[in-house]
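Since the structure comes first, as structure tokens, the remarks are kept for the end.
The values are calculated or read from the model by the stated rules, or taken from the named source; none is laboratory data. Here the structure is a predicted model, which is why all the values come from computation and not from measurement. Every residue, glycine among them, receives a Cβ derived from its backbone with ideal geometry; neighbour counts consider all protein chains shown.
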Amino acid sequence: METNRIQSIVIVGGGTAGWMTAAALARILGPDYARITLVESDEIGTVGVGEATIPQINIFNRMLGIDEDDFVRRTKGSFKLGIEFVDWGGIGQRYFHPFGNIGVDMGGVSFHAFWQRLRGEPEFADVEDYSVMAKAARHGKFMRPTTAPGSLLSSIAYAFHFDAGLYALYLRELAEANGVRRVEGKITDVARNGETGHIEHVTMADGRVVGGQLFIDCSGFGGLLIGRALGVPYVDWSSFLPCNRAVAVPCEHGGEFTPYTRSTARSAGWQWRIPLQHRIGNGHVYCSDYISDDEAAAVLLANLDGKPLADPRFLKFTTGHRARFWEKNCVSIGLSAGFMEPLESTSIWMIQTGIARLLSNFPDRGFEPASIERYNRLMVEESELVRDFLVLHYHVTTRDDSDFWNYCRTMPIPDRLAEKIRVFQSSGRAFREHEELFNDTSWFAVMEGQRLGARGFDPVAELMPIEQTRDRLRQIKAAVTASVDHMPLHRDYIREHCAA
């Protein structure tokens, strides 16, 4: 009996997106389900900007059966407990957006409510005192979670910094070991079926033809398949996220080997700092309407920890996404599908969720519209929810020192974000929408960190007597301090377990 299943998959483009996709499909589908071919050209460089991640990458790596120490060692990586934001709410202000929980919910009521009730008392004023991840990061400490039940150390949440190019090579090894075939060369033509409009094959510069039934576009910003061949338009979000350029440069180590990413707001954008074992990754994301490329590079080079290790590298982008992520027999994943600046390290997450949703809506050769429509709806929703969280950082600020910040502070924002801000201002409540990536703790950390200011607190917190609330917060604060005291230094942990 003839099968209707997909028997040949062609991934166009390598880099992080291409090899994550190849490794995942090969692992989940197995060697006998379909032939998987990845086409990439050594002549075409990868962007290689996204070197910081969020904890969800642990799910992806475990699914691939990756040994974590080997992975960190091979990618010259380090560990990440969150992101420090400097000068975002106002010049001279800084705060930490930690992974994991802040405090401990009590009686079904969010810890944030109890803290907000006492925030005016100096003893309880610093919310970072109640987060193991934030306090450990400030002290340069790290360890993986323990298995001790009830211990705060059992709930440590972490992600990684790594060299994206080395990660792609690491995944390539896994993928090829599981049967993925790599074809080297540049694509010069894309052939489509005259009746269905489906992609049938791609033609290489040397005349070779690579055919398939399902095509996955990981070709980067250009969107060779989804954009050029299939003509799917791009939804432009520049009005919400006006930055459209980045300049990146690695530098030598200097200062502390921090277990966190740092984002420092500049006059027309922001600068990232990502510490790896062998270097520090740096970049300046900016809007070309307010600063020139040369000026942006000068700002970056003037604010490095150590000597630059390469010339500044520029890239252009437009924040937004394809109107449809999946069109006919082509699924776009990575930069071909859309781009949101790496402010909260979501680039690799968008690749990961695109792969996961492709697998959960995997087609046969009939390419039923219902599954394609569902995939597109979910990916658009995911993009919008991430977008809103990023816009929050720009919009909630008191900065008025440049035209860029004046625009961000006063610009129209999405309705859902405006509602979240109003709710927080009135009651201090922060919510997670359905299954969105960022939970209530993340929203709370940024809103509070940028001093949005809540006029009140959740009145349900008054179920607990005020003195009992003080005692509970003292206990949690002491437990956090004791936990962090027990942790080794980040550099020592890497030296012992996974030094490159």
Residue 311 vs. criteria surrounded by fewer than 24 Cβ atoms within 10 Å (Cβ to Cβ), outside any helix (DSSP H, G or I), acidic (Asp, Glu) and out of contact with any Leu (no Cβ under 7 Å at 6 or more places or on another chain): yes
Can you pull out every residue in region 442-472 that is surrounded by 14 or more Cβ atoms within 10 Å (Cβ to Cβ) and outside any helix (DSSP H, G or I)? 450, 451, 452, 454, 457, 458, 464
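Mind listing whichever residues of region 257-273 are more than 15 Å from residue 97 (Cβ to Cβ) and either out of contact with any Cys (no Cβ under 9 Å at 6 or more places or on another chain) or without any contact (Cβ under 8 Å) to a residue 12 or more places away in the chain (or both)? Give the derivation first.
To start, the set of residues in region 257-273 that are more than 15 Å from residue 97 (Cβ to Cβ) comprises 257, 266-269, 271.
Result: 257, 266, 267, 271.
Conditions (1) under 20 Å from residue 72 (Cβ atoms); (2) in the same structural domain as residue 344 (by TED's automatic domain parsing); (3) in a loop (DSSP other than H, G, I, E, B), marked per residue:
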site: 120; (1), (2), (3): no, no, yes
site: 137; (1), (2), (3): yes, no, no
site: 143; (1), (2), (3): yes, no, yes
site: 146; (1), (2), (3): yes, no, yes
Quick check on my filter: what residues within region 184-200 are in contact (Cβ under 8 Å) with a residue 40 or more places away in the chain and buried (at least 16 other Cβ atoms within 10 Å of the Cβ)? 185, 187, 198, 199
Out of (1) closer than 19 Å to residue 235 by Cα; (2) of a type outside the set (Val, Ile, Thr); (3) not in a helix (DSSP H, G or I), the odd one out for residue 389 is which? (3)
Take residue 166 and decide whether it is closer than 30 Å to residue 22 by Cα, more than 22 Å from the chain's Cα centre (by Cα), touching a residue at least 24 places away in the same chain (Cβ under 8 Å) and not assigned by TED's automatic domain parsing to the domain that holds residue 484. no
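Does residue 66 fit the bill of being touching a strand residue (DSSP E or B) at 6+ places or on another chain (Cβ under 9 Å), farther than 19 Å from residue 467 by Cα, assigned to a loop (DSSP other than H, G, I, E, B) and not assigned by TED's automatic domain parsing to the domain that holds residue 437?
Values: touching a strand residue (DSSP E or B) at 6+ places or on another chain (Cβ under 9 Å): no; farther than 19 Å from residue 467 by Cα: yes; assigned to a loop (DSSP other than H, G, I, E, B): yes; not assigned by TED's automatic domain parsing to the domain that holds residue 437: yes.
So residue 66 does not fit the description; no.
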With the checklist (1) exposed (fewer than 13 other Cβ atoms within 10 Å of the Cβ); (2) under 29 Å from the mean Cα position of the chain (by Cα); (3) within 21 Å of residue 428 (Cα to Cα) in hand, flag the one item residue 495 doesn't pass. (3)
So, first residue part of a strand (DSSP E or B) in region 92-113, second residue among the acidic types (Asp, Glu), Cβ within less than 6 Å, six or more apart or across chains; the pairs are 96/84; 96/128
Considering each residue of region 229-252, count those that are among the charged types (D, E, K, R), over 30 Å from residue 192 (Cβ atoms) and either touching a strand residue (DSSP E or B) at 6+ places or on another chain (Cβ under 7 Å) or part of a strand (DSSP E or B) (or both), and give that number. 1
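Restricting to region 97-129, name every residue that is under 23 Å from residue 257 (Cα atoms) and in contact with a Gly (Cβ under 6 Å, 6 or more places away or on another chain). Can you show your working first?
Quick first cut of region 97-129, residues under 23 Å from residue 257 (Cα atoms) only: 97-100, 128-129.
97, 98, 99, listed by residue number.
Only one residue in 372, 333 is touching a Cys at 6+ places or on another chain (Cβ under 9 Å) and either among the charged types (D, E, K, R) or farther than 22 Å from residue 243 by Cβ (or both). Which one? Before the answer, list the steps.
On the way: 372 fails: touching a Cys at 6+ places or on another chain (Cβ under 9 Å).
Checking each option against the conditions leaves just 333.
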With 269, 281 as the choices, which residue is more than 14 Å from residue 78 (Cβ to Cβ) and not hydroxyl-bearing (Ser, Thr, Tyr)? 269
Going through region 253-277 in order, the residues found to be at pLDDT 95 or above, in a loop (DSSP other than H, G, I, E, B) and surrounded by fewer than 20 Cβ atoms within 10 Å (Cβ to Cβ) are 267
Any residue at all in region 438-454 that is more than 17 Å from residue 108 (Cα to Cα) and more than 24 Å from the chain's Cα centre (by Cα)? yes
